[in-house]
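The values are calculated or read from the model by the stated rules, or taken from the named source; none is laboratory data. The shown structure was predicted, so the numbers you read here are calculated from the model rather than taken from an experiment. A quick note on method: Cβ atoms are made from the backbone with ideal geometry, for glycine too, and the neighbour counts reach across all protein chains shown. For the accessible areas, the whole protein counts, side chains as well, though only heavy atoms, and no ligand, DNA or RNA atoms are used. Shrake-Rupley method; radii C 1.70, N 1.55, O 1.52, S 1.80 Å.
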Amino acid sequence: MCEAIKYIDTLIIGQGLAGSLLGYQLIKLGQNITIVCDEHSPSASRVAAGLFNPVTGQRMVLQEQAEHIIPTARQCYQTLERELGQTLFHEKTMLRIFKHEKEQKNFEKRRQDSAYAPYLDKQIDSAESILAPYGLGEQMQTGYLDTNALLDSLRDNFIEQQSYISAHFEYSDLKHSEHGIEWKNIHAKRIIFCQGFMDKDNPWFNYLPFQPAKGEILTLKSSTTLPEEIINGGKWLLPLHDGRYKTGATYSHDLSHLDPMPEAKTELLNGLQKLFDDAPHFDLVVQQAGVRPNTLDKHPFIGFHPKHSHIAIFNGFGSKGSMLIPHYAQAFAQHLEHNTAIPREADISRIKLPTNKTATPTGRLSLTGRVHQMLLPHILSVCKQGDCIAIDATAGNGHDSLFLAHQIKSRGQLFAFDIQQQAINNTEKRLNEAGVADNTTLICCGHEQMLEHIPNTFLGKVNLIVFNLGYLPRAEKTVITQKETTIQALDAAIQLIAPLGRISILAYPGHAGGDQETYAVNTWLEKLPKHRYSVIKHDPLHGSANSPQWFEVVRQSQAALSE
Ligand code: SAM
């Protein structure tokens, strides 16, 4: 049965803080909106501590337009607190530990400046248990937003208003013309992307200079009585309203692994020790990693694509989302309804659309990283329901295996194949170093023989099989996957895959033999019975004819087959 067409004003992609607050403002202005969110997609807002701090960095720089931005944010959260009947914004003094005398003097100088005066209070020589040989400065108008509570409540409200769809958004499903856009059964005047760092791979906005930075945060418990203020001294410690603490954050432009890493935990725990005279004991509750949607010029990205007047972006708030988004959401909503100007510093018209838009901004995810990011929702949803069985058909240097093992942990099993002993060794080392080698079986043999190595009990039970074809990077380029054995392995994979399970194939037509292999894979995909398998051919991962191609095969559910 065909679903009825739904006509709306604005389709928003992403329900992080940006999408949520923009949606909220648009509804207030009378718009009919729908927010599409893939709840398994990585969300920086869900990881962020929601810290609110108008004076930041070693140089103690005041947020531009703080006099507008701070009151707008406070007022927005107060209104939301009243409407949603819960406390969301927690006001807390911040104690900044001075690293040296120069910082102490700078604080004093800033404090005399009338622009800074509302945010910087007195200096104190010491605070109980804190290690501060150069003293501390008290910062005002600081605190944190309980972002998760706010996003949960807003999502419930959007659901109640039938303005929310939980789904994975595929760019290839979007149709657009000069009149508006269509996505599935929704016809909208415009679409606005609010997908955080993932918009750097958005085909319409990948020319914008994003500079995403991974950050990790720990949530902790402690039986020691600790200061009630936020402590800020290199790393920060934030006491939460429920008695727990958060500490953060690490900072890295390396996005090859989006998961929490053991070295980040060590860095954070060491940083925490340095804040105290006598380091208190903490128990780890959870370690989380997210990617900040930072931008090269440190200003947000707001506005419509220069050539497509119905496709817009509202993004790039970096690590200051809780402070900045209310101001910019109001401004953009007013622009959409009343055609007022987009704040100049945030308007994407400041960035020229390159004629050849293949420029690679720094911080871009590696190819496999991008595939991982897109496979993540599937693997998380499998792990949520039970054990996950996965196969890495080409172990290579172990990046895919590491990604899979990280997600599976003790909830399932991973089998990895490679014909090169070197590759098996590299993978083993990588898994051991990350502490995720349990429940993994590494097999030095061709993937075309996988049926002989995977226990029979897993026939039709494997949730994900990953092929990353070609040659082992940084090794002998003559050992490449061959079209004949690749097709045999794909035939074997089809027998192993579970209902709703996926086979992911990353093929590289750019090297000798790779073109024929990619062609053979394409032919194999065409022959799969359509009522049993859906085939997704993703948009080319770069832009040229030789660019890598990513395919997914999804086995239909049993229910769909018996219908
Ligand atoms: N997944 C790897 C990673 O994350 O580092 C990259 C894989 S690399 C592009 C391709 C690998 O396929 C090489 O290590 C190569 O040795 C392996 N290979 C080639 N033929 C194979 C076969 N018949 N069975 C299994 N592995 C094979």
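Under a point spin-label approximation (7 Å from Cα along Cα-to-Cβ), what is the ASP173-ASP125 distance to one decimal in nm?
The answer from the label model is 6.5 nm.
Can you tell which of SER534, ASN294, ILE454 lies farthest toward the positive end of the dipole of the chain, using +1 and -1 charges on the Cβ of basic and acidic side chains (Lys, Arg; Asp, Glu)?
Towards the positive end, the residue furthest out is ASN294.
What's the carbon and sulfur percent of the range 38-180's accessible surface, probe 1.4 angstrom, rounded to a whole number?
Solvent-exposed carbon and sulfur of the range 38-180 make up 46 percent of the total.
Rounded to the nearest 20 Debye, what is the dipole magnitude of the chain about its Cα centre when Lys and Arg each give +1 and Asp and Glu each give -1 at the C-beta?
About 880 debye.
Hand me the trypsin sites (Lys or Arg not before Pro) from the range 1-71 located in a DSSP loop with no more than 15 other Cβ atoms within 10 Å, in residue order please.
ARG59
Under 8 Å for C-alpha pairs, at least 6 residues apart: give me the relative contact order for the chain, rounded to a whole percent.
Across the chain, relative contact order equals 13 percent.
In the range 179-280, which chymotrypsin sites (Phe, Trp or Tyr not before Pro) fall in coil by DSSP and have 15 or fewer other Cβ atoms within 10 Å?
Taking the range 179-280 and a limit of 15 other Cβ atoms within 10 Å, the loop chymotrypsin sites (Phe, Trp or Tyr not before Pro) found are TYR251.
Subtracting the Cα-Cα distance from 0.36 nm times the residue separation, let me have the gained length for THR225 to GLN385 in nm, one decimal.
Additional length available on full extension: 53.7 nm.
So which GluC sites (Glu not before Pro) in the range 149-253 pass both tests, a DSSP loop state and at most 16 other Cβ atoms within 10 Å of the Cβ?
GLU170, GLU178, GLU228
Please tell me the relative contact order of the range 220-296 in percent, rounded to the nearest whole number, where contacts are Cα pairs under 8 Å and at least six residues apart.
Rounded, it is 37 percent for the range 220-296.
What size of dipole, in debye to the nearest 20, comes out for the range 403-499 about its Cα centre when the only charges are +1 on Lys and Arg C-beta atoms and -1 on Asp and Glu C-beta atoms?
320 debye
Which one of LEU469, ILE419, ALA117 has its Cα pushed farthest toward the positive end of the charge dipole of the chain, where Lys and Arg give +1 and Asp and Glu give -1 at the Cβ?
Of the listed residues, the answer is ALA117.
Return the distance in nm (one decimal) between the two label points of a simple spin-label model at CYS445 and THR485, each offset 7 Å from Cα along Cα→Cβ.
Label-label distance for CYS445 and THR485, simple model: 1.3 nm.
How many nm is it between the label spots at ASN185 and VAL61, if each spot is 7 Å from the Cα in line with the beta carbon?
4.9 nm
Using all Cα-Cα distances in the range 129-242, what percent lands in each 5 angstrom bin from 0 up to the longest?
Percent of Cα pairs in each bin: 2, 7, 12, 13, 14, 13, 11, 9, 8, 6, 4, 2, 1.
Hey, what angle do you get for helix 321-338 against the long axis of the chain, alpha-carbon based, 0 to 90 degrees rounded to 10?
80 degrees
How much length is gained if the chain between GLU91 and GLU263 is pulled fully straight, taking 0.36 nm per residue apart and subtracting their Cα-Cα distance, in nm to one decimal?
Once the chain is fully extended between GLU91 and GLU263, it gains 58.8 nm.
Using a 1.4 angstrom probe, figure out how much accessible area the chain has per residue, in square angstrom, rounded to the nearest whole.
Result: 45 Å² per residue.
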